[in-house]
Amino acid sequence: MVCFISFPSVRVYDVVVVGAGPAGATAARLLSRKGFKVLLIEKRRLPRPKLCAGAVSLRADKYLPPDWENAVLNTIYGGNLGWRGERYVNARSKEPVVKIVGRSDFDFYLTLKAEDEGAKVHQGETFLNFRNLYG
C-alpha cells in the first residue's frame, strides 16, 4: 500500500500511477476496474498541449474503452519505411495499420475514463519520490 499525504488527512492507495498519458491512464482505469484503490498523478492540468504523432496501434484496442474510436482523427493503411531519409519500402495494407488521435484530447478522455472507474486523479502535481514503509 502507498500513503499519499494530503494534510490534514492521510489516504492509502494500492497503486500509484505516475503520468496520465495513454499507458498510465489505461493502467489506472483497468486496475480500478479490478477493485484496486488507484491514485493517478499528472504533473500538468488536462487537457494540455502534447506534441506527439498520436499513432495508436490496433493491438491496443483490447485495452482501451469501447468508445475510444470516437477520438480517431485518421486511419493509416500504410506508409513509406526507410532509414536516415532514404525510402526503402512503400508498405500498404487493406487493413488499418494504426489510428491517429489528438494526444491532448485523447489523454484527457482516457483520464476521465479512469476516474469513471474509480481512480483518484491528481492534476498539476509532481511526483517527487517513493519510500517503502514496510521494509
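Taking each residue of the stretch 46-66 that is within 14 Å of Arg103 (Cα to Cα) and surrounded by 15 or more Cβ atoms within 10 Å (Cβ to Cβ) and looking for partners that are among the hydrophobic types (A, V, I, L, M, F, W, C) and modelled with pLDDT of 95 or more with beta-carbon atoms closer than 7 Å, six or more apart or interchain, yields Leu46/Ala20; Leu46/Phe108; Pro47/Phe108; Gly54/Ile100; Gly54/Val101; Gly54/Phe106; Val56/Val101.
In summary, Lys113 fulfils each of the numbered conditions (1) over 13 Å from the mean Cα position of the chain (by Cα); (2) in contact (Cβ under 8 Å) with a residue 24 or more places away in the chain; (3) part of a helix (DSSP H, G or I) with the single exception of condition (1). Screening the stretch 1-103 for strands (runs of 3 or more DSSP E) wholly inside it with 1 or more residues that are hydrophobic (A, V, I, L, M, F, W, C), over 15 Å from the mean Cα position of the chain (by Cα) and over 17 Å from Gln123 (Cβ atoms) returns the ranges 2-6, 9-13, 15-18, 72-76, 78-83, 86-92, 98-101. All told, Glu86 falls short of being modelled with pLDDT under 95, in contact with a Leu (Cβ under 9 Å, 6 or more places away or on another chain), over 16 Å from Pro47 (Cβ atoms) and among the charged types (D, E, K, R).
The values are calculated or read from the model by the stated rules, or taken from the named source; none is laboratory data. As the structure is a computational prediction, the values presented were derived from the model and not from experiment. Note that we place each Cβ from the backbone using ideal geometry, even for glycine, and neighbour counts take in every protein chain shown.
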